Amino acid sequence: MSDDDALANNPGISESALAELHDQLFGWALSRCNHKREAAEDLMQQTYVELLTGKAVFEQRSSLKTFVFSVVQNLSRARFRRLSARFRMTQKLALNDTEQVAGLALDTDTSAIWQSVQMLPGRQRDVIELVFCREMTIEEAASVMSVSVGTARVHYDRAKKKLRQRMDGGLADNMPGDDL
């Protein structure tokens, strides 16, 4: 990384490194926003603002990829809390038009595998997506999810078992990492 490429308020991060991670980050942001493109774009913009202003500082305690994925995860949690509070307020005011609360409807992919993954409990779904779709190790996924490596491994194992059951011994039998 050259000094010209480093972010002013976050010298441990280079623009080129962020550019290399962008597509994977955007996929993670889409996942965090129930595959709503506009919400994911907003989440990515918010992530870049946090990084550029130095609100989220990379202190090199993990890989850059793990750090930035964690920023997206934390911002999406904050977004969910805001939306949940807005939704509760809408219900409290007895408004029947809950469509005002953006991002709460779940859009699912039509493929059988993705439907099965979407039916998994939250942590199991997250670890499967991070490991298989975002090409992270279980250790990196644990860091992003803010859980111990042991907990991530348990969720990973349970998710694979559930997917195997749902797929009736089909495609899920060949999942990498079966030797763990």
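A quick yes/no check of all residues on (1) touching a helix residue (DSSP H, G or I) at 6+ places or on another chain (Cβ under 8 Å); (2) farther than 30 Å from Arg61 by Cβ; (3) at pLDDT 90 or above:
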site: Leu95; (1), (2), (3): no, yes, no
site: Leu106; (1), (2), (3): yes, yes, no
site: Phe132; (1), (2), (3): no, no, no
site: Arg153; (1), (2), (3): yes, no, yes
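Just one of (1) modelled with pLDDT of 55 or more; (2) surrounded by 15 or more Cβ atoms within 10 Å (Cβ to Cβ); (3) not in a loop (DSSP other than H, G, I, E, B) trips up Arg88, so point out which.
(2)
Cβ-Cβ distance below 6 Å, separation of 6 or more or different chains: which pairs start in region 126-151 with a residue that is outside the structural domain of Ser76 (by TED's automatic domain parsing) and closer than 18 Å to Arg77 by Cα and end on one that is surrounded by 15 or more Cβ atoms within 10 Å (Cβ to Cβ) and of a type in the set (Asp, Glu)?
Matching pairs, first to second residue: Met145/Asp126.
Among (1) surrounded by 14 or more Cβ atoms within 10 Å (Cβ to Cβ); (2) at pLDDT below 80, where does Arg125 come up short?
Result: Arg125 fails condition (2) only.
The values are calculated or read from the model by the stated rules, or taken from the named source; none is laboratory data. Everything numeric here is computed off the predicted structure, so don't read it as measured data. Don't worry about glycine lacking a Cβ; one is built from the backbone with ideal geometry, like all the others, and counts go over all protein chains shown.
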